[in-house]
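To keep things clear, I will list the structure first and then write my remarks on it.
The values are calculated or read from the model by the stated rules, or taken from the named source; none is laboratory data. These figures come from a predicted structure and were not determined experimentally. Here the Cβ is made from the backbone with ideal geometry for all residues, glycine too, and neighbour counts use every protein chain on show.
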Amino acid sequence: ATGTELFRTNTANDGSVSVSLVADINPGVDPNTMLPRSSFPASLTSLGNLLLFSAETEANGRELWRSDGTAGGTSIVLDLRPGNMPGDPPGPAYSSNPSYLVRSGSHVYFSAYSLDTVGTELYRSDGTAAGTGLVADIYPGFTVDENNNIFPNESWPQWITDVNGTLFFSAFTMANGVELWRSDGAPGGVTALVSDLAPGNTFGFPNSSFPGQLRNVRGTLFFTAGNDLVGQELFKSDGSAAGTTLVADIFPGATAGIPNSSDPQLFPFESRDQLYFSAFRDTTGRELYRTSIDPMTNQYVVNLEENLTAGVDEMMPREGAVANGLYYFSGRIAASGIELFKVAPQQPAVVAAVAFDGTNKPAIAANANPADPYGAVGPAHVVSVVNRQVVWYDKTGAQQGNAPSLNDFFANANPAPGASLLFDPKVIYNTYTCTFFVVALWRSGNNSRIYLAESDDHDPNGKWHFRVIDATPEMAGGIDYPGLGAGKDAVYVTARTSGGTQRLWIVDTRRPLTAGNAAAVPPLPATPVTSHNLSLGAAAGSDVFMPAQMYGTIRDGVGTFLTTFRANVGGADDHLYVLRIDDPLTAPAFTVSDLNLGDITQGGMAVTAPQAGAVGVDARAFGDNVYNAVWRNNALWTSNTILPTAGDDLGQATVRWYKTDTTNLAALSVALQGNVGGEDLGVGTHTFYPSIMVDSGGNMGIGFAASSPSLFPGAYFTGRRPDDPVVAGIGSTRAARIMQRGLDYYVVANPPALNRWGDYSGLALDPNATQEFWAYNMYSRIPAGAADEWGTRFERFSLAADPAAGGTMSGIVFDDANGDGVRQAGEGPLAGWTVYIDANNNDTRDANEPTSVTNLAGQWQFAGYGQGFYTIREEVMPGWRQTAPSNGGNPPVREFSIYLPDANDFAAGREFGNRRLPRVIQRQFRFEILPIALDFQFSSDVSASLDLGDLVVQNLTTQTQLSPAAVSYDPNSNTATFAFGGVLPNGNYRATIAATNVADAVGDILEQDEIFDFFFLTGDANRDRIVNRLDLDILALNWQQNSRTFSQGDFSYDTRVDARDLLLMANNWQQTWPAPLVMSGIAAATPMRFAVWPIGSTSLCNAVSADAEQLLA
């Protein structure tokens, strides 16, 4: 029998779960109670494949422990406070009492009491003794009590919480009381007070706000605190004093001069940017609340969820649990007593990720209105264009290239643009050629040109190729408003004139773009370009056709689709026109389809949108032009701005989107359409200048601008999944998300009546993560001398699946102990492993590819997926070898290929097997008595491969090598003992066992080289790396005593402390041995991937990934 100890669950092949003891950490029987002793494991925290926790033993007190889930792999990490309480016999062991354990990066952080010189402060550990130590002594110094006892000051860090790599916690100092602190987690790094929310002192003692219940919600820290202005209420912090503020004073006012407190009790879960908690006020009692982001202010607000808790007298959220995406908790109702309640967290419209600012008007020359923001994304970069400028960044927002103006960017084109300014730029990433493509227009008098640029590969930092098209003969009225799209073998450019002329230019992309070189040998011809009239049939008189960005496999013979919109055809209905181009490079054939949309807009006129702060001067949202188009999976998607004839958005500028079914080329049809209204952003909000994109899963993203009488013009985005609601043929979109709200009004000085916003926005699809969008748009900025200033912003986002809808794929990751690839009895689950859908099948988990982290039963699951093929892989953790699935091939199969016949199907039982590589789980330097030895305990039997020469010991002080005299192996504990022939010379040592030299019975070698640093210093009885008075006291305490050890003063190893030991100590008096320097290692080479394709073919272009910097052709 055992007391309270560490246990684990084990899941059998049939799904049954059993529980087994991991280790009896504190064995034996308590002589006072005659009951089994207990270690009372607490604060269990995972760190990779290890579990760190606190546990109590008779020998060490309560200290930090580690476990890999086996008895042999369970051991103390470090006795931070060694020794026993004074007494004869000695009292109980001292304890450091590790608490508030939390993982951040590669360490676990905790609060602990270490030495008598340092009180309870912030510590960290990587799971090893050498990697465990103090982060910061926040409240240093000592305090003397009334009995002249000296105690170290201590800050008592509590509620330690990780927020994106920064640690937040409450801590005490005599200067500030108990307040909010932060740390970068590095010893000697930045650990500082965040904000003194309760300044001053009372009766000489500092006031405290007592921060508690710290919680990370999508990168924002929430916590409870109070001061003289408000009672205990909900606060938030971004890590700065200015950014640490009250969220809401739920129970305002004061009673008898003391501020009222709502005493928030935070639920132990959150749903993205929603935090749920209960709070009290006198008018409602204790009710359920949640935080949300107000789209008008982009700030957190608190909402009362009255519908969930009507009639509830008391709630107990901390006593709840999460199951199937719901949170269950208990509440008390006067009429019936304690009952069970549940919360279904609201799902956000989109899941946003990276966001960063782009260029802005003050950084650009004059004449930059409208901004014309447009963006494209490649494997490793995003490229933005605005009127007068081209800029590109890496995907973290670091700028890598910048042409000060469009004219500078095209300076090497022939002919150069000269003094006339280029305008109306657009950019795309062509997934068929893996290159960026930029277009800009030029006009001077009656002359018109189209400037084209193409990057030489997927990296815009390389060379750009240029081609100039003279459009003067066809565009005599002056070229304007380009369209840009790409198909498999061509790029398509469209433009119009003020007189209504429309033209199309087809650019052959089967070779890199070039202006040609007649002097070359042989002569290099210019890239073929053909020009075509687009004033076709019923579409004549409509606005310019927008060519689609094509994705995936295109039907043989079909080049691309273009689309445009015309309002009030014949004075009534509105029409969408789709132009199909067949055989674009040989004999282009044009087919126009006329799709009647009904009377959906009052359009045909310029659309304007009101804005805050500029009464009577609206932002011009332009007309009902189509802005861009995208085609994939036999559907053509596009969008524009309309003035609805009915509904909530009646008479307001409103984004409209359309999905056209192109399956039957002879009879195209509008399959779905819908509005992106602005009512969820505020009453009377107008939406305009949309951009549209569709991902590989059929999810639609839309970027757009919005403004209202109370809202400055800003940037927003939304989207819909295929399974989102459709009512009477109108598809819904999810709640809009703020990309960047406007910061001030926007008024163009000349002329104010033409207050043009836009003229468009950008939305692109990441080629590395085929269900991830990048939006690029403009917003109004605070003026610096002018009222027409704007900025731009990028944001990456994806659409969250509804976990209750669609097909399901699931399985288990298990510990394949014998490495045979088959799960057998006793082979338990692996928790915390990442399984992912390899969307681009590159055997690498790319950013934002869907992932599932296994639970305690080793289970993974993907829910909400439609019909199709899916490749499921696992991310193998360091120190493990994947064993299943495997077909025995070379290389073996490492994935499951799953086909879901329809959205309601499921695929279960897929099992990933992994075997832990042999490793050293504990090592020890034994120096107390002869022989001096090094012990290495292995996780499995390596005796067959281990020999004396496998251990290399180097004296780092003298740079000499020392060889052990003998090696022995204990098969019961899998411990190898390397013994030395005598006393070691003083010095710092490094012992190394090369991984490739040692293997277990299965043939797996050590997971890594084992490196163990230790030191030997004769006379250093207390092992503090210096021989001084403390060691002399130890020697004096044991003077003339027999059966002594090194730590008791027997430095001569004759088991007696006498004059010889004193002489040895004298020889090393005040000698110091610093910790050994860390030798720099050589990182393993990262394999480089190459993309290879025949000349003239681009079918394998998408094999190029972000780290493929070299292409072979």
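Considering only segment 374-413, state which residues are among the basic types (Lys, Arg) and either assigned to a strand (DSSP E or B) or in contact with a helix residue (DSSP H, G or I) (Cβ under 8 Å, 6 or more places away or on another chain) (or both).
The answer is Arg388, and nothing else.
Can you say whether Glu58 is acidic (Asp, Glu), modelled with pLDDT of 90 or more and buried (at least 20 other Cβ atoms within 10 Å of the Cβ), as far as the supplied structure shows?
Taking the combined requirement at face value, the residue does not satisfy it.
Matching residues to (1) over 15 Å from Arg66 (Cα atoms); (2) out of contact with any Phe, Trp or Tyr (no Cβ under 6 Å at 6 or more places or on another chain); (3) surrounded by 18 or more Cβ atoms within 10 Å (Cβ to Cβ):
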residue	(1), (2), (3)
Gly83	yes, no, no
Pro98	no, no, yes
Ser111	yes, no, yes
Leu134	yes, no, no
Tyr139	yes, yes, yes
Asn149	yes, yes, no
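State which residue is nearest to Ala42 (Cα to Cα) when the search covers only segment 107-146 and only residues that are touching a residue at least 40 places away in the same chain (Cβ under 8 Å) and in a loop (DSSP other than H, G, I, E, B).
Ranking the candidates gives Gly127 first.
Select from segment 836-856 the residues that are surrounded by fewer than 16 Cβ atoms within 10 Å (Cβ to Cβ) and within 17 Å of Arg910 (Cα to Cα) and list them in ascending order.
Those that are surrounded by fewer than 16 Cβ atoms within 10 Å (Cβ to Cβ) and within 17 Å of Arg910 (Cα to Cα): Thr851, Val853, Asn855, Leu856.
Would you kindly identify the strands (runs of 3 or more DSSP E) lying entirely within segment 232-332 that contain at least 1 residues that are at pLDDT 65 or above and either over 32 Å from the mean Cα position of the chain (by Cα) or among the β-branched types (Val, Ile, Thr) (or both)?
Per the criteria, 245-248, 274-281, 285-294.
Is it true that Tyr989 is more than 37 Å from the chain's Cα centre (by Cα), aromatic (Phe, Trp, Tyr) and farther than 23 Å from Arg1025 by Cβ?
no
Going by what's in this entry, would Asn1042 be described as exposed (fewer than 13 other Cβ atoms within 10 Å of the Cβ) and either over 27 Å from Ala129 (Cα atoms) or among the hydroxyl-bearing types (Ser, Thr, Tyr) (or both)?
In short, yes.
Checking the condition over 28 Å from the mean Cα position of the chain (by Cα), among the charged types (D, E, K, R) and at pLDDT below 90, which residue from Arg721, Arg781, Arg796 passes?
Checking each option against the conditions leaves just Arg781.
Taking the stated definitions as given, is Leu80 among the aliphatic types (A, V, I, L, M) and touching a residue at least 40 places away in the same chain (Cβ under 8 Å)?
Considered against the rule, which asks whether it is among the aliphatic types (A, V, I, L, M) and touching a residue at least 40 places away in the same chain (Cβ under 8 Å), Leu80 comes out as yes.
Name the single residue that is surrounded by the fewest Cβ atoms within 10 Å (Cβ to Cβ) among those in segment 1018-1032 being of a type outside the set (A, V, I, L, M) and either touching a strand residue (DSSP E or B) at 6+ places or on another chain (Cβ under 8 Å) or not in a loop (DSSP other than H, G, I, E, B) (or both).
Arg1029
Could you check how many residues of segment 168-211 are more than 35 Å from the chain's Cα centre (by Cα) and hydroxyl-bearing (Ser, Thr, Tyr)?
The total comes to 1.
Results for (1) closer than 26 Å to Asn818 by Cβ; (2) at pLDDT 85 or above, shown as yes or no for each residue.
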| site | (1), (2) |
| --- | --- |
| Tyr836 | no, yes |
| Asn840 | no, no |
| Trp860 | yes, yes |
| Tyr865 | no, no |
| Gly868 | no, no |
| Ile872 | yes, yes |
| Glu875 | yes, yes |
| Gln882 | yes, yes |
| Gly888 | yes, no |
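Which members of segment 17-49 meet the condition of being free of Cβ contacts under 8 Å to residues at least 60 places away in the same chain, of a type in the set (A, V, I, L, M) and either in a strand (DSSP E or B) or touching a helix residue (DSSP H, G or I) at 6+ places or on another chain (Cβ under 9 Å) (or both)?
The answer is Val19, Leu21, Val22, Ala23, Val29, Ala42, Leu44.
Is at least one residue of segment 935-945 surrounded by fewer than 14 Cβ atoms within 10 Å (Cβ to Cβ), of a type in the set (A, V, I, L, M, F, W, C), assigned to a strand (DSSP E or B) and over 37 Å from the mean Cα position of the chain (by Cα)?
So far as segment 935-945 goes, no, none of its residues is surrounded by fewer than 14 Cβ atoms within 10 Å (Cβ to Cβ), of a type in the set (A, V, I, L, M, F, W, C), assigned to a strand (DSSP E or B) and over 37 Å from the mean Cα position of the chain (by Cα).
Out of segment 476-504, which residues are out of contact with any Asp or Glu (no Cβ under 8 Å at 6 or more places or on another chain), within 28 Å of Leu524 (Cα to Cα) and in a loop (DSSP other than H, G, I, E, B)?
Gly487, Lys488 - these are the residues of segment 476-504 that are out of contact with any Asp or Glu (no Cβ under 8 Å at 6 or more places or on another chain), within 28 Å of Leu524 (Cα to Cα) and in a loop (DSSP other than H, G, I, E, B).
Do we find a residue being surrounded by fewer than 17 Cβ atoms within 10 Å (Cβ to Cβ), in contact with a Gly (Cβ under 6 Å, 6 or more places away or on another chain) and in a loop (DSSP other than H, G, I, E, B) anywhere in segment 997-1017?
Yes, some residue in segment 997-1017 is surrounded by fewer than 17 Cβ atoms within 10 Å (Cβ to Cβ), in contact with a Gly (Cβ under 6 Å, 6 or more places away or on another chain) and in a loop (DSSP other than H, G, I, E, B).
Just for segment 456-493: of the residues that are of a type outside the set (Asp, Glu), more than 39 Å from the chain's Cα centre (by Cα) and over 20 Å from Phe409 (Cβ atoms), which one is surrounded by the fewest Cβ atoms within 10 Å (Cβ to Cβ)?
Step by step, filter segment 456-493, then rank; the result is Pro473.
Residue check: is Thr433 of a type in the set (S, T, N, Q), within 30 Å of Arg555 (Cα to Cα), outside any strand (DSSP E or B) and in the same structural domain as Asn768 (by TED's automatic domain parsing)?
yes
Before we move on, is Val983 part of a loop (DSSP other than H, G, I, E, B), at pLDDT below 95 and either crowded, with 19+ Cβ neighbours inside 10 Å or of a type in the set (Asp, Glu) (or both)?
Taking the combined requirement at face value, the residue does not satisfy it.
What's the number of the condition Ile428 fails, among (1) surrounded by 22 or more Cβ atoms within 10 Å (Cβ to Cβ); (2) free of Cβ contacts under 8 Å to residues at least 60 places away in the same chain?
(2) is the only condition that Ile428 fails.
Mind checking which residues of segment 119-150 are within 18 Å of Ala192 (Cα to Cα), hydrophobic (A, V, I, L, M, F, W, C) and over 27 Å from the mean Cα position of the chain (by Cα)?
Leu134, Ala136, Ile138
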